[in-house]
Amino acid sequence: MPITAADLLAAARDDADRTVDLRRRLHRTPETGLHLPRTQATVLEGLAGLPVEVTTGTSTTSVVGVLRGARPGPTYLLRADMDALPVHEDTGLPFASEVPGAMHACGHDLHTAMLLGAARLLAERRDEIAGQVVLMLQPGEEGFHGARYMLEEGLLDAVPEAPVVGAFALHVFANQPGGVVSVRPGPMMAAADHWEVTVRGRGGHASMPHAAADPVPVAAEIVLALQTMVTRRAPVFDPAVVTVANLAAGSTDNVIPDTAYLQGTIRTLSPERRADVVASVRRVATHVAAAHDMEVEFVHRQGYPVTDNDPAVADRVLAVAGELVGPERSVLAAEPLMGAEDFAYVLQRVPGAMAFLGACPAGVEPDAAAGNHSNLVVFDEDVLPAGAALHAAMALDALGA
Ligand SMILES: [Zn+2]
């Protein structure tokens with residue numbers, strides 16, 4: 001008997017207590033970075049008893065589960081991230097973080113709980129599955145490239161005879177309308193690059209700048225020249241953001257410092273724009289300094305690439321979510337988010353999509369809600385069944401059930 005969206009959502013709702021319970025356990029004991037031993041133990045406990053073959057990472061505390069359908073077929077990947085942020089929680093929730101200075105402020109606890117909920121739904125429906133589902137549970141999403149480690153350890157070959165052919169991930173947002181799924185073809189999130197510039201001048205007495213080489217006005221000129229570069233060089237339909245987030249020089253009022261320091265971020269939505277803007281930041285800084293007979297040191301660190309949704313998969317997300325939560329709650333995202341996401345590495349290798357799930361608490365205006373990464377952010381747990389059902393439904397859709 002074919003599985004209907006209504007059945008799947010009803011089953012996820014019946015199972016909601018377990019999903020909420022797991023989410024709260026994770027929420028109480030957040031861990032950050034690539035090594036999450038407690039979180040990993042909780043996840044392994046959650047998978048125990050399910051027909052899922054489990055392997056754990058060697059370089060990180062990642063978890064990979066393989067659920068085999070009743071018949072052979074392709075392999076589809078569902079992903080959740082498990083790491084928290086170095087934020088001190090101030091929500092006052094009864095299940096608030098018990099770890100000072102760490103908080104699940106980006107909803108990764110919800111992601112993990114929803115994926116394990118999906119595993120339970122799929123385990124009960126193995127007869128309808130032709131193929132395998134890989135459950136990807138990664139640490140280190142918040143800037144630690146956790147997905148890359150998993151790919152290097154052979155994530156996509158978790159089923160040796162049937163490599164992963166498609167992938168899906170969900171991200172909750174506390175300031176998007178509760179229960180609304182959104183997705184778009186192409187860029188869903190931006191590429192992020194870190195840069196630093198040190199302007200090398202020559203220190204001296206503040207009363208005699210001609211006898212020194214003052215890096216401070218040069219740094220100021222670089223800040224403004226970067227903004228001019230962005231507006232004159234990046235096409236409006238292939239945009240870029242360059243932010244100088246940190247500017248530091250000197251220590252007192254009567255000394256010209258030796259150096260001035262700037263650092264910031266570059267956000268772009270295409271590989272071409274990314275390469276051009278990184279090169280342009282370096283060129284502008286170097287040549288503005290050269291105009292004043294000074295030199296710069298430039299440092300560039302690559303962050304995550306563009307999270308690029310496959311158009312066909314994005315279409316399937318809209319259709320599947322439409323059946324599950326209603327077409328009015330399954331919407332085309334008007335624009336990408338300029339944040340970055342390391343699921344991008346998976347999408348560089350296989351076609352797939354990341355969708356957003358609004359989790360603004362009932363009775364709160366999304367615009368007024370504390371956003372992800374805030375010490376006050378609250379996510380609506382009522383969205384958990386829909387998220388678990390959507391993961392399961394995407395896998396069932398791909399595996400021809
Ligand atoms: Zn996140």
Checklist outcome for this item: Among strands (runs of 3 or more DSSP E) entirely within the stretch 288-375, at least 2 residues that are in contact with a strand residue (DSSP E or B) (Cβ under 8 Å, 6 or more places away or on another chain) and under 30 Å from Ala260 (Cβ atoms) occur in 295-302
Checklist entry - When Val87 is evaluated against the numbered criteria (1) under 23 Å from the mean Cα position of the chain (by Cα); (2) free of Cβ contacts under 8 Å to residues at least 40 places away in the same chain, which criterion, by number, is the only one it fails? => result (2)
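One line per residue, one yes/no per condition, for (1) modelled with pLDDT under 95; (2) touching a Gly at 6+ places or on another chain (Cβ under 7 Å):
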{"site": "Asp7", "(1), (2)": "yes, no"}
{"site": "Pro37", "(1), (2)": "no, no"}
{"site": "Thr60", "(1), (2)": "no, yes"}
{"site": "Thr91", "(1), (2)": "no, no"}
{"site": "Phe95", "(1), (2)": "no, no"}
{"site": "Pro100", "(1), (2)": "no, no"}
{"site": "Ala105", "(1), (2)": "no, no"}
Checklist outcome for this item: How many residues of the stretch 360-401 are modelled with pLDDT of 95 or more, under 19 Å from Leu122 (Cβ atoms) and surrounded by fewer than 17 Cβ atoms within 10 Å (Cβ to Cβ)? The answer is 0
Item to check | Verdict on Leu226 being open to solvent by 50 Å² or more (accessible area, probe 1.4 Å) and on the phi < 0 side of the Ramachandran plot | outcome: no
Next on the checklist: Regarding the stretch 341-359, can at least one residue be identified that is crowded, with 22+ Cβ neighbours inside 10 Å and of a type in the set (Asp, Glu)?
Outcome noted: yes
Next on the checklist: Cβ-Cβ distance below 7 Å, separation of 6 or more or different chains: which pairs start in the stretch 103-126 with a residue that is within 15 Å of Ala70 (Cα to Cα) and touching a residue at least 24 places away in the same chain (Cβ under 8 Å) and end on one that is among the basic types (Lys, Arg) and within 13 Å of the ligand (Cβ to nearest atom)?
Outcome noted: none
Checklist outcome for this item: Counting only strands (runs of 3 or more DSSP E) entirely within the stretch 10-91, those with at least 3 residues that are within 18 Å of Leu170 (Cα to Cα) and either touching a Leu at 6+ places or on another chain (Cβ under 7 Å) or open to solvent by less than 20 Å² (accessible area, probe 1.4 Å) (or both) are 63-68, 71-81
Checklist entry - List the pairs whose first member sits in the stretch 204-232 and is modelled with pLDDT of 95 or more, whose second member is assigned to a helix (DSSP H, G or I) and open to solvent by 30 Å² or more (accessible area, probe 1.4 Å), and whose Cβ atoms are under 6 Å apart, counting only residues at least 6 apart or on separate chains? => result Gly204/Ala211
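The values are calculated or read from the model by the stated rules, or taken from the named source; none is laboratory data. Since the model is a prediction, treat every value here as computed from it, not as a measurement. Cβ: placed from backbone, ideal geometry, glycine included. Neighbour counts: every protein chain shown. These accessible areas exclude ligands, DNA and RNA; they are computed on the full protein's heavy atoms, side chains included. Shrake-Rupley method; radii C 1.70, N 1.55, O 1.52, S 1.80 Å.
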